[in-house]
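What follows draws every value from the coordinates through simple rules; no lab data is involved. Just so you know, these numbers come straight off a predicted model, no measurement behind them. As a convention, Cβ positions derive from the backbone with ideal geometry for all residues, glycine included, and neighbour counts pool all protein chains shown.
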Amino acid sequence: EYMGTLVFDRVVERALPQMMRVIACVAAVLAVAALTSAHESEAMAETAGKSADHSGDVSTEFVTMLTGQTIEAFISGHEMVAIHFCWERGANCKVALPIVEEVATDFPQVKFGRLCTVADRDAAAHFDLSHTPSLLFFFEGEEVSRMWDVYGDDREDYTYEKLRRFLGRNTAAPVTVLESADELSSFTVSAELAAVLFTHGDDDDAGALWRTLHHSHNATVSQAFAHVASMLRNEMRFGVVRGSLASSDAAAQALAAAGVAAASLPSVVLYKNHHGHTHEPLAVPPSALGVADLRAFLEVFSHAPFGSINHTNYVHFEAMGLPLAAVFVNEEDTVMLDALRGVFEPLARELRGRMSFGYFCGRTYSAFARTLGIESRRWPQLAVEEVHTHRHFAAPSNLRLTDAKKVRAFVQSVLDNKTEPSIRSAPLPSHTPGAAVTELVGANFATWVLSASVRADVVVMVYAPWSGQAKNSMEPFASVAKVFAREPTVVFAQLDFSKNDVTLLRGNKLVLGMPTILFFPRANISGVVAFEKDDDTHVAALVRDFVIKHSSAQLSAAKFALPGEELPPTDPAGPVNGGADGVPALSVTGGAAKEDL
């Protein structure tokens, strides 16, 4: 004990001056850092202000600000259109705004527009958006492709070069004119997917057809092929063999390999080369050479039976409308990926036309995996999504996906409607008597909100803990809920969307930002209304007025004054809030508590 005390005293005696000098230096560094941070914050605020003034809610030289009333006319009024869907106050959108502005100057042939997803929720929902910011490319009124910010462990942000490549790919001529037998042979074996039109046409008009984008429903075979090539350019390569080459021995051999007689022109043949394996060429039936039929045929038969899916080609799986069996994998584990192909490719061929199959990178699309009800992060994992209803069916996490028999049984049970949809849900919360706001989870959402037995309107705030806007809205929402605490016709609730998933909300794209406040009228689920605010300073009053406006019970604002707020009293001549006693509501003034009154 004595030695310990002696050593401690010596250490303090010798080290204290050095420690004081170190503390002084650290304090100086922190002071400089604080000043630097303050200057940087001011500079960032000034830059953000300039950016918002330049590209927030007004049109610029290259980007037109759109609304729900003008977007359709804008899309249909120009040949090539790129629309940036965003919310100017969102952090990701603020990053994307100046990049989109800059890229727009490089593509004068494309008309750029911007739509605020918060101000025009209905318009945004019409385009089935699942991410913001999103950039959608349209050709003569029809969506061709989309690019969005990827939320996952491996995040892909908007960058200048990525946007340039995306737009360059979508504005280039979609069809390659094959001029020789060598070009035909190389084209059909080098591309993973390729569609080739064999036609006798060789006039100038036909030549011009392949050098530009084309959109026509007048349906000569050449026009239909050019149109489909314009729409599916991101999925496969398109080539045309015409004139003398179409009558050559090389063309005849290529057609014969697909079972087509050389005289049966025009003809379209699909070539597939997946993972080094060349499949038999597939001739498109003559009855499917119109625009709609040709596109449908190529979308169904062109995809690899079990290929990679990402944010670029997912839109085409949605367009097919088939249930999608999505496997989330570790793409670096090539041994496991090959084993999965051995299981899923034969099943995909057997169920072609009834279900689509593909795999996602689990690390990049982990957020989407959670959306489909997959909680485990041990890849591979399987889930089936009904792309139109957004119902999803997650396979048990312990299902061995290399067991073909068990995988087949699970997939078949989904097709036969023998499997219940997955509901991602936090544990049921304990009931808190007297709470003004009820905590909902995925498992009890339908009981509280959607059930026919619900006898009250339900106001739900959908939030995420990571959202600053949601945190700032919690207190105003709770204060409104307390004012309505004794009103039996209205119930207030909240749902953490990061831990719970509700098919109704996701399928109808009602939740486009955090937080989203939704009003569910009793006995009229289809009449759900989203709260829209233009002012961040009076959120509580705006929510209160929103609830009163849509209430099924014709509530009076005078009965629901907020603390410190004075409202005119209700006219005593008639009943209040549907009551029979004719007693007017009390006006809450001076911050008095409702319970005290």
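Ranked by the mean number of other Cβ atoms within 10 Å of their residues, highest first, the peptides 62-69, 320-327, 544-551 fall in the order 320-327, 544-551, 62-69. As a calculated quantity, the FRET efficiency between Ala296 and Arg21 at R0 = 56 Å, using C-beta atoms, amounts to about 0.10. Report the calculated FRET efficiency for Lys533 and Ser467 (r = Cβ-Cβ distance, R0 = 22 Å), to the nearest 0.05. Taking R0 as 22 Å, the efficiency between Lys533 and Ser467 is 0.90.
Taking amide H atoms as placed 1.01 Å from N in the peptide plane, the amide H of His311 has no partner under 5 Å among residues 5 or more positions away or on other chains. Among the listed pairs Lys94/Lys471; Lys272/Lys418; Lys405/Lys499; Lys111/Lys162; Lys111/Lys471; Lys162/Lys533, a Cα-Cα separation exceeding 26 Å is found for Lys272/Lys418; Lys405/Lys499; Lys111/Lys471; Lys162/Lys533. Each peptide in 370-379, 226-235 receives the mean, over its residues, of other Cβ atoms within 10 Å, and ordering these scores from highest gives 226-235, 370-379. Taking 0.36 nm per residue of sequence separation and removing the Cα-Cα distance, the Ser498/Asp416 pair yields an extension gain of 26.5 nm. Rg over Rh for region 221-333 works out to 1.00, using Cα positions for both radii and the Kirkwood form for Rh. Phi angles of region 367-374 translate, via the Karplus equation with coefficients 6.51, -1.76, 1.60 and θ = phi - 60°, into HN-Hα couplings of 5, 5, 4, 5, 4, 7, x, 8 Hz per residue; Gly and Pro are given as x.
Here the Karplus relation 6.51 cos²θ - 1.76 cosθ + 1.60, evaluated at θ = phi - 60°, turns the backbone of region 131-144 into coupling constants of 9, 9, x, 10, 10, 10, 10, 10, 10, 6, x, 10, 5, 9 Hz, with x for every Gly and Pro. Among residues other than Arg146 with Cβ under 11 Å from its Cβ, the summed charge is -3 (Lys and Arg +1, Asp and Glu -1). Annotation for region 352-404 versus region 446-519: alpha-carbon center distance of 28 Å.
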